[in-house]
Amino acid sequence: MEQSNKSHRKTKDKNTAKKKLHTQGHNAKAFAVSAPGKMARTMQRSSDVNERKLHVPMVDRTPDDDPPPFIVTVVGPPGTGKTTLIKSLVRRMTKSSLNEINGPITVVSGKHRRLTMLECPANDLNAMIDVAKISDLVLLMIDGNFGFEMETMEFLNLAQHHGMPRVLGVATHLDLFKSQSTLRASKKRLKHRFWTEVYQGAKLFYLSGVINGRYPDREILNLSRFISVMKFRPLKWRNEHPYLLADRITDLTHPELIETQGKQIDRKVAIYGYLHGTPLPATGGTKVHIAGVGDFPISQVEKLPDPCPTPYYQQKIDDYEREKAKQENAANGTVASTTTRRRRRLDDKDKLIYAPMSDVGGILMDKDAVYIDVGKKLDDQSFVPGQEKGEGEKLVTGLQAAEKSIAEKFDGVGLQLFSNSTELHAVNDDLDEDFEEDDNEESKHDKGRSSLRKPRLYGKSVQEEDADIDNLPSGDEGEEDYDGEEGEPRMVEIDFKHQNSDEKITLETDSEFELDDNEEDWGIAAASKLNQTKNRRRKWDIGKLIYMDNLSPNECIKRWKGEDEQDEDHESDIEEDDESFFTKKDGVNNKVKDYSADLEKFVPYFETLDKLMQKWSNVDQIQNRFIGAPKLKSKKTTSDEEADDNDEEEELYGDFEDLEAEGEEEQQKKESEENSEDDDAESDTSFTNFDEEEKKDLTVDEEREMNAAKKEKLRLQFEMEEGENFKEDDPENEYDTWYELQKAKIAKQLDINNAELQEMTPEQRQRIEGFKAGSYVRIVFDNVPMEFIENFDPKFPIIMGGLLPTEMKFGIINARIRRHRWHKKILKTNDPLVLSLGWRRFQTLPIYTTSDSRTRTRMLKYTPEHTFCNASFYGPLCAPNTPFCGVQIVANSDTGGGFRIAATGIVEEIDVNVEIVKKLKLVGFPYKIFKNTAFIKDMFSSAMEVARFEGAQIKTVSGIRGEIKRALSKPEGHFRAAFEDKILMSDIVVLRSWYPVSIKRFYNPVTSLLLKEKTEWKGVRLTGQIRAAKNLETPMNNDSAYKKVERVERHFHGLKIPKAVQKDLPFKSQLHQMKPQKKKTYMAKRAVVLGGEEKKARSFIQKVLTVSKAKTEKKRAKKADQRTERLKRLAKAEEEKTQRDKEKKKEYFAKNGKKRPMSGESEDRSHSNKRRR
């Protein structure tokens, strides 16, 4: 019997490096350069591909720690599934369902990433323009059955001229295709058309049918994953301006103002949102532009807690708490086991959503109310406690769980002023009158002061003072000078700081908070104790005080020094009224020196003159601290004369030093320094050299470490100031390409800026840098038109854009403009055009121009057909190279089915004085002609006009040139002109001149958000449009009417050359004229007579042609009748076919139109149909 053994496992074929080299039949390394030409082409192509990927290096100002949420905009024609897509994405990312989409929706999509989803209104061109300026990612909805519609093409063109964002195509309604081959062909066609409009290889997603109100989970999962890993490049305009997409607005106007003054008053409005772009200045009064409303100065900016924080922040807080716990455990000597859990995916609690305008969690925030979905009416409780699904349900269950009402909760609660005093309750009405009188007396004492004093306190900390007040017993005895049972007066010390002196004042009283007959004494004692805990001396910043217009210089100095007239009056009242109440210790003013407090408040402190004189009694001690001419001393001066000579030498040679006496001076200096050091040690207010004091206590090694740290600090400072080797022409430059060099420069500058800003306090950084991107802020505006609040619609986005100083000015802008190739008509000069330039949308009157050989700027009446021209218009200035778009009509009611974007262009010059001229032809007629001189009429109307044009060149229609000489005296406006040849009376004289054209200073901002119908903004209209709207006829001007031109034919005389001239002419130029023949020629004399046979033949042919013509006419008439009969038969057959199709449709929908069959039923039905056939 054979033994059955287990078969061995087969050895795996390892794909080693050697096998990889021989995959194509030969060693790839050995034959790497077998085709050098091919290798060179490959290298060239790869370098070209890499170069195309590069962009101009740009500074990314987005903060790394807390970036703002990326704005994802869903754009598409009506009915393409925009709302369904947002609901599906929100459901996928947050596991919460939205019933209605209103305004922006912010969700957390990753540890460091948030997304703000926004639906762009499909029928509003203004919203499409605004959204194209701020979107980081655009989800372009395309109906697969129709392809690219007009709204899609308009938005793509708008986005291209406002900084192209990232675009993802989403094709929907693909479930309506019945055949798979048609579906595949449509997908391919859509993909290639999308690549043509965006870029080659752009991503296009396909969404099939809707299941349970959402797209399929697998398709949405793929789309959300792609969105969550996309990288966004900063765009130039957004990288230079701060901007905000408002997710909530609030009307802060006082209701009383609206009631008293009416609803038409301007409102105070606060908008909320995340900041994007560059930091927003923290100073008040910064001007910004709200798209669709106008320019407004910021009244107040406030940073709020992030309503939708990223999990990265929570992780940072956890790390901080963990490190703090480690330090505490190390200090206590205990070891705690802390395990760090790094999450690879988001928890459900981190999948936050913030949509204040939508119904998130059962809550719907409107502009003036908050609505909570409470469920059905028949249920006792709308929601079950503990099973809440959203914030609104938690609020409702909390209200349902309330056991007592607010009145019941406060029933029986008394009033207690202090922690150790008795609680006071209300008194019933049926008590005795005596008890009521006692209560009234006590209530007089309980009232106390109606307004609190504001004494300036100086001394103990807040915690100590709170403890002192809490430990004080409540005085219920009513005695004035003695404390309870002991009967000894209590001495309590209160520290007040006066203007001139710091005095320690004692308080003599029985109990500080005791009620007695003297109500003022009790008030003084209570206020002095209580105000120690509340009122603090205000610290004024001198930098702010000097710029306050409502303060005089004296008041600024008083506030900076800490002086306050009101507090002085209160303290003087206390001293005058209650001299016996406060007593000074030992009758001496005890001044307390607190230099730290003085430094905090920046109050200058000086010693008195007496102390300074005692301190510096010997001037030699401070002699070395002053600069002066050195005194020359000589050992050999013995007589008075020599002394006088030395004095003269000191005056003459005071700039020179005696080097021989240097040793003595050094010795004296050392002695004076020692004396001064002794005095400094004795003095309390002397300046100390801290570096020297530190070095005294350090060892040699520690001193070396400190010096090394200083050197490292200086080295870093040098690197920050000088930078690395960023010179492009330097051969030792470590960067290979210019691109790497520029990126290194930008990175180094960012590091320097961040290092400087991190050394500042948060307040200083905010004051200098402003509110950086990613902050959730509340911005308040004053004097906002009331229509903005009254006609607010959350479906239309509210965008606030910051303005640079240049953009706040208005002037003339020169731009290069071109009519869009898809727009039907060319543009006319001075026709109103709505421009989208920067953050603004405004209507202006552009003038189109061209340059004539760089000599003049000539006006064009219309834009060229396919090329660029120049345009000059009035409006807010914008940086050169800023692109813009132009639209003629914004209102939907005036829009036809055509392409609405009329022009595109780019700004070239700003705030310029351009001289635009247009051609003007003046026409005159001669009325008296001399040899080469003529008198011209009907060209000018006065001699002044003629004088203006003296010397101007004129020309006749026949081409004879001339010049204007002088005006004639008698007929007004007539002048004398000289020509190069004699002109005729029939000649027309033309003067070509250039007339200056002025640019109309017209600026009309598009305030679409102030209208109730946001899509119906209408600006300035043309005269023809107004006449057509009002059914007015165009007034007829006789001179402008076209008339039939009747030109009389002119007969010119023949050219007559004198015979003397003819003789001298050469033979070629001579006139060869033949004399007319008097006799008739043979051809003229002969007559044609038909013979018999020829006559018969001609008549026969005529008869044959007549018969043939009649037959042709008969055939043509018969054919026309046959065609008429045939058309009648075809029409009748078509009508019968239409009727049969209608009946078939009725039968089909009667059977199959009630409900859609399941997949199995449709297959069975198809099999049965086949069998029948």
Hey, if we sort TRP994, TRP195 by accessible area with the 1.4 Å probe, largest down, what's the order? TRP994, TRP195
Determine ³J(HN,Hα), in whole Hz, for all residues of region 1094-1103 in sequence, where each value follows from phi through the Karplus function 6.51 cos²θ - 1.76 cosθ + 1.60 and θ = phi - 60°; x replaces Gly and Pro. 5, 5, 5, 4, 5, 5, 5, 4, 5, 5
Relative contact order computed over region 920-996 (Cα-Cα under 8 Å; 6+ residues apart), in percent: 41 percent
Report the number of Lys pairs in region 214-331 whose alpha-carbons are under 22 Å apart, with separation of 8 or more residues or on distinct chains. 7
Positive-end residue, region 920-996 charge dipole about Cα centroid, Cβ charges, pick of VAL990, ALA952, ILE929: ILE929
Ordering GLU1125, GLU1033 by accessible area with a probe of 1.4 Å, largest first, what comes out? GLU1033, GLU1125
By the scheme Lys and Arg +1, Asp and Glu -1, what is the net charge of all other residues having a beta-carbon under 13 Å from that of HIS820? +4
Unsatisfied cross-links (Cα-Cα over 28 Å) in the set LYS921/LYS1000; LYS133/LYS188; LYS203/LYS824; LYS178/LYS1144: LYS133/LYS188; LYS203/LYS824
Give, in nm to one decimal, the length gained when the segment between ALA952 and LEU714 is fully stretched (0.36 nm per residue of separation minus the Cα-Cα distance). 78.2 nm
Could you order the peptides 229-239, 702-712 from most to least packed, using the average number of other C-beta atoms within 10 Å per residue? 229-239, 702-712
Is there a pair in LYS828/LYS1043; LYS825/LYS1030; LYS928/LYS982; LYS828/LYS1044; LYS825/LYS861 whose C-alpha atoms are over 19 Å apart, and which pairs would that be? LYS828/LYS1043; LYS825/LYS1030; LYS828/LYS1044
Measure off, as a whole percent, the carbon and sulfur share of the 1.4 Å-probe accessible area of region 43-152, all protein chains present. 48 percent
Show me, for region 56-72, the HN-Hα J-couplings you get by feeding each phi into the Karplus relation (A = 6.51, B = -1.76, C = 1.60, θ = phi - 60°), rounded to Hz, glycine and proline as x. 5, x, 9, 6, 8, 8, 6, x, 7, 6, 9, x, x, x, 6, 8, 10
Rounded to the nearest 10 Å², what accessible area does ARG166 have for a 1.4 Å probe in the complete protein model? 90 Å²
Taking H as built 1.01 Å from N, whose amide H comes closer than 5 Å to the amide H of GLY811, not counting residues under 5 places away? GLY875, LEU877
Can you give the accessible area of LYS825, probe radius 1.4 Å, in Å² rounded to 10? 150 Å²
I want the local charge near THR83. Using Cβ-Cβ distances under 10 Å, sum +1 for each Lys or Arg and -1 for each Asp or Glu among the other residues. 0
Rounded to the nearest 0.05, what FRET efficiency do ASN707 and PHE232 have when you use their Cβ-Cβ distance and R0 = 60 Å? 0.80
Environment charge at ASP894 (Cβ cut-off 11 Å; Lys +1, Arg +1, Asp -1, Glu -1): +2
First measure r as the distance between the Cβ atoms of MET985 and LYS919, then evaluate 1/(1 + (r/R0)^6) with R0 = 25 Å and state the FRET efficiency to the nearest 0.05. 0.40
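The values are calculated or read from the model by the stated rules, or taken from the named source; none is laboratory data. It should be emphasised that the depicted structure is a prediction, and the values quoted were computed from it without experimental measurement. FYI the Cβ positions are ideal-geometry reconstructions off the backbone, even for glycines, and counts take in every protein chain you see. These area figures cover heavy atoms from the full protein model, side chains too; ligands, DNA and RNA do not enter into them. Shrake-Rupley method; radii C 1.70, N 1.55, O 1.52, S 1.80 Å.
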